[in-house]
């Protein structure tokens, strides 16, 4: 059965076109995906991300557990409130999911995992946690709203009680703080996002979500759907689980080497996280595939599944879209490792030249060097 977030009726009242997304009935757009994309790049937009799963972890050995569970190292989290992006791997080094972990206390951490992988994530986490005496608690009582764009933080901070505004304004990137609205609604305010823009992801009691959404709307924040979220995240060079990576892919093959902590101090060196041996073996043998960014200067759109031709052999488009910010088609592609040479994409039997570029393609609304040619 299709699941609905607490904001479902609100989306429909705003004229949203609804689609199935990983078993959830979600808004794809509210009239114009293009307008919503530009709105987030230039002003402030908000997304219902209540389909994401919040998981609280408690126990005396919770840090030891996370050092074992995650490829990135929670030892980097020194101050309560700080967050870390990491992959959770299986024994073969394949990506079970990517997630954010928040350090909230020596015996308390919070995870936010993807909607489509919720059930397998929870089963995996609970199975691994058993040996550490860690209590795993899913939080279906929470909703989540992402407020993104250059004006997003100011708009959201304006809804807080006066005594909390300074703390929210000081909040560093990839950190969270507990605050309240002017009406006393508790918010877990995280300076994170999936758009390449500044902003907050706000976790709050499910029963308060409609009221907070409407308060943001009244403050001038417009709703945006999953369509704009997808074009924004690809421009920002952010992977989508299930499309750009999955259990058949290691972080090395998904351009996520920066999220793997293999060394960095005696304590970290001894950290035997799940999948470490497989990652080390693949690195030693030579990683066979790589994820690259592509830009097409000709007219047309790069789409998932199209064949990519390189000097080293064939690959395929993973995520592809027309970039509203750049006015060109962009894509992630997985291709054989090594120099790709002159790259072409097979579009309905025609080999179209594309350029290999470093991503992100867009950062804070601006094309990155080399992307436009």
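Throughout, read-outs are computed from the coordinates displayed, never taken from laboratory work. Please read all numbers here as calculations on a predicted model, not as lab measurements. Cβ: placed from backbone, ideal geometry, glycine included. Neighbour counts: every protein chain shown.
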> For residue 248 and residue 85, what is the calculated FRET efficiency with R₀ set at 30 Å and r taken between the beta-carbons, to the nearest 0.05?
Replying inline: 0.90
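Taking every pair of alpha-carbon atoms in region 299-373, give the share separated by more than 19 Å as a whole percent. Present the calculation step by step, with values, prior to reporting the outcome.
Numbers: 883 of 2775 pairs.
In whole percent, the long-distance tail amounts to 32.
With a cut-off of 8 Å between alpha carbons and a minimum separation of six or more residues, what is the relative contact order of region 156-268 in percent?
Details: 107 pairs, mean separation 17.0, N = 113.
Answer for region 156-268 is 15 percent.
What ranking of 37, 11 emerges when the number of other C-beta atoms within 10 Å of each C-beta is taken as an exposure proxy, fewest first?
Working: 37 26, 11 21.
Ordered from fewest to most neighbouring Cβ atoms within 10 Å, 37, 11 come out as 11, 37.
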>> I need the peptides 120-126, 24-30 ranked by packing, meaning the mean over residues of other C-beta atoms within 10 angstrom, with the highest value on top.
In response: 24-30, 120-126
> What list of whole percents do you get for P(r) of the chain, with Cα-Cα distances grouped in 10 Å bins up to the one holding the largest distance?
Replying inline: 5, 23, 32, 27, 12, 2, 0
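Defining a contact as two alpha carbons under 8 Å apart and six or more residues distant in sequence, what relative contact order in percent does the chain show? Working shown, then result.
Values: 854 pairs, mean separation 65.6, N = 373.
Once normalised by length, the contact order is 18 percent.
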> In nanometres, what is the gap between the two model label sites at residue 35 and residue 107, each 7 Å from Cα along Cα-to-Cβ?
Replying inline: 5.3
> If you look at just the Cα atoms of region 108-262, how large are its Rg and its Dmax in Å?
Replying inline: 17.2, 49
> Efficiency by 1/(1 + (r/R0)^6): what FRET value for residue 206 and residue 263, r their Cβ-Cβ distance, R0 = 41 Å, to the nearest 0.05?
Replying inline: 0.45
> Which FRET efficiency, nearest 0.05, do residue 135 and residue 14 yield, Cβ-Cβ r, R0 51 Å?
Replying inline: 0.85
